[in-house]
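Visitor: Take this structure first; my questions come after.
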Amino acid sequence: MIHKCRNVLSKVSAGDQATVKAAFGDIFDTSGLQQDGREFEPGPDLVACIQARIDAFAEAWSALPGGGKSLLADRASLTTYLRFPIEHHKRIRHSNFIERTFGETRRRVKVIGRFPGETSCVSLVWAVLDRAARGWRGFTMTSKGLRTLQDLRRALLAPPSRLRPATVPTTDSTPETTAA
């Protein structure tokens, strides 16, 4: 989101940058956002609401040369974090901790130079990610949040299958008989 905001602001005149930056921030502000008198739950409804805000922003600032189009093109990646528990949103919507981990991986790879095999590469990346994960702070784990994460994990690992095929193949209605 930080990079996308900078990208959009680079296409705006200096006089409009404060207004556009505030409007961009309002797109992703989910505090006080309600549906049917209650707060939005993480998931597709919240994603749809924020994507509608992105559409409204792009329409309002359609005079931006390419800024609105790039925002519309990347709206799926900008709203991915909305599927996670609400208490994690402020922490994971920015990519700073991820970029720090990538930087640490690059620094360690430079020392090694060349890996003897895929296993050693994966082991190094795993070690860096494991160490970084221990240092991540600011994630509150509630029972509701853990259920949300389990549901997300389950949906990614075992997506629901269709109950019926989309089209039923037609077969010849004459039964085959075999001689006994």
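Readers should treat all values here as calculations from the given coordinates under stated rules, not as data from a laboratory. Worth saying up front: this structure is predicted, and the values here are computed from it rather than measured. Every residue, glycine among them, receives a Cβ derived from its backbone with ideal geometry; neighbour counts consider all protein chains shown.
Visitor: Lys4: which lysines have alpha carbons under 17 Å from its alpha carbon, excluding same-chain residues fewer than 8 sequence positions away?
Guide: Leaving aside lysines fewer than 8 places away in the same chain, those within reach of Lys4 are Lys21, Lys69, Lys90.
Visitor: Continuing with the same structure: In whole angstrom, and with the biggest value first, how far do the Cα coordinates of the stretch 87-157 range along each principal axis?
Guide: Projected onto its principal axes, the Cα set of the stretch 87-157 covers 44, 26, 17 Å.
Visitor: Checking the a/c ratio against 1.5 first, then a/b against b/c, what shape does the Cα gyration tensor give for the stretch 1-83?
Guide: Values: a/c = 2.29, a/b = 1.87, b/c = 1.23.
Judged from the Cα gyration tensor, the stretch 1-83 comes out prolate (a/c at least 1.5, a/b above b/c).
Visitor: Would you please state which residues of the stretch 52-84 a label at Ser13 would reach in this model, taking the label point 7 Å out along Cα→Cβ and a backbone N cut-off of under 20 Å?
Guide: 58-69
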